[in-house]
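Everything below concerns the one structure shown next.
The values are calculated or read from the model by the stated rules, or taken from the named source; none is laboratory data. On a predicted model such as this, the values are computed, not experimentally measured, just so you know. Cβ placement follows ideal geometry from the backbone for every residue including glycine, while neighbour counts extend to all protein chains displayed.
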Amino acid sequence: MGLLDKASDVGSKSEKKPVAKAVPVAKAVAKAAPVAKAAPVAKAVAKAKPAQKVVAAKAAKAAKPKRVRATPAGLPVDFEIASPNARRIAGLTNFVVNLGPIFGFLFSVTILDAFTTIFALVALAALIMNLVVVPIMSGRTLGNFVSRTKNITSNGNKPIFLHALFVNSTGILALLGFIFLMIFAGSMFSTKGSEQIFASVWSILGIIFIILYFVNYSFKKGSELKQGLYDSLFGAFLVKHIPAEGEVSTGFIGKLEGMASYGDRFTQRQEEKTAKRAAKVVSDAEKAKEVAADVKDESSKEESEPADDKNEKKDKKKTK
């Protein structure tokens with residue numbers, strides 16, 4: 001019995017020792033528990049919510065549709081671009097009206113050396129009439145009346161008179177630029193001081209006028225609707241003029257409308273010439289077809305003939 005009691009005492013002591021060691025582990029677990037703090041995370045989430053609201057508000061503001069302008073862009077549906085023939089008539093008429101008196105004035109200055117004042121007044125009156133007065137009254141020039149054309153904006157209204165002033169003065173300015181270069185270009189290098197500055201200013205102005213002419217030409221050539229530089233700036237298009245129902249022009253504008261008969265005659269002559277050329281081309285093509293058919297028939301006949309007949313023909317030709 002004494003041995004059994006000693007063995008039980010040793011077993012009880014060995015069981016008590018691990019329990020005493022387990023207490024620090026529990027303390028370590030208890031101490032480690034506060035490491036995972038959830039409060040800062042919750043604060044970070046709480047702080048992120050206002051940022052999300054700001055981003056959502058900005059997205060809502062950016063998603064608002066922009067205001068669409070009521071002014072349409074491009075050529076109105078009810079109008080048709082002027083034909084190349086009408087453009088030629090308008091350009092030729094404006095050239096004669098605008099530059100004709102100017103050439104007369106230059107002729108009187110250089111050759112006649114007389115009546116310069118009269119020619120100068122006539123040239124000035126023609127320019128004011130065609131570039132200012134008539135466009136303000138009707139929105140058209142004399143060339144537009146003769147060719148039955150007019151300039152309109154994308155709204156179907158006539159452009160301001162400055163459009164006609166710039167468009168029809170391009171050739172005049174180019175001519176003036178050429179004259180300025182002829183007069184002042186030499187003085188740029190032969191003079192000094194104020195005279196050299198004066199000559200340089202006028203020469204540079206002349207170069208600008210000439211460049212504007214070629215820029216306007218390149219704009220027209222590259223545009224599908226044949227818009228020049230100033231047409232693009234003012235948003236104008238050259239279209240056919242078709243009077244509205246009940247529209248009757250009287251007085252001075254009515255007389256200008258009557259000038260369209262000259263343009264109609266010119267157009268008719270051009271159409272007749274074009275029709276004659278087309279008929280000639282067709283007749284030439286038919287003649288060429290007939291000749292080709294005859295040649296083909298002759299070649300087929302020669303191929304169908306026997307070899308003996310061909311030899312006889314050759315012998316006959318040799319004897320002859």
- request: Determine which member of the set Gly193, Gly171 is in contact with a helix residue (DSSP H, G or I) (Cβ under 7 Å, 6 or more places away or on another chain) and either surrounded by fewer than 18 Cβ atoms within 10 Å (Cβ to Cβ) or closer than 26 Å to Pro84 by Cβ (or both).
  value: Gly171
field: Given (1) part of a helix (DSSP H, G or I); (2) of a type in the set (Lys, Arg); (3) touching a residue at least 60 places away in the same chain (Cβ under 8 Å), number of the condition Lys221 does not satisfy
entry: (3)
message: Suppose we keep only residues that are part of a helix (DSSP H, G or I) and among the polar types (S, T, N, Q) within the range 128-154. Which one would you say is nearest to the chain's Cα centre (by Cα)?
response: Asn144
- request: Scan the range 262-270 and give yes if some residue there is at pLDDT 90 or above, surrounded by 12 or more Cβ atoms within 10 Å (Cβ to Cβ) and of a type in the set (Ser, Thr, Tyr), otherwise no.
  value: no
message: Only one of Ala125, Ala114, Ala120 is outside any helix (DSSP H, G or I) and surrounded by fewer than 18 Cβ atoms within 10 Å (Cβ to Cβ). Can you tell me which?
response: Ala114
query: Here is a list of conditions, (1) among the charged types (D, E, K, R); (2) under 19 Å from the mean Cα position of the chain (by Cα); (3) part of a helix (DSSP H, G or I), and Lys226 meets all of them except one; can you say which number that is?
result: (3)
- prompt: Does any residue of the range 238-257 turn out to be at negative phi and modelled with pLDDT of 90 or more?
  reply: yes
message: Looking for something buried (at least 20 other Cβ atoms within 10 Å of the Cβ), assigned to a helix (DSSP H, G or I) and in contact with a Pro (Cβ under 7 Å, 6 or more places away or on another chain) - is there at least one such residue anywhere in the range 155-164?
response: yes
- prompt: From the set of residues in the range 169-184 that are in a helix (DSSP H, G or I) and small (Gly, Ala, Ser), which is farthest from the chain's Cα centre (by Cα)?
  reply: Gly177
query: Within the range 211-219, can one find any residue that is within 17 Å of Gly139 (Cα to Cα), modelled with pLDDT of 90 or more and not aliphatic (A, V, I, L, M)?
result: no
field: Residue satisfying condition, being over 23 Å from the mean Cα position of the chain (by Cα) and not β-branched (Val, Ile, Thr), within set Phe234, Phe189, Phe161
entry: Phe189
- prompt: Tally time: how many residues in the range 200-219 are over 16 Å from Leu181 (Cα atoms) and surrounded by 16 or more Cβ atoms within 10 Å (Cβ to Cβ)?
  reply: 2
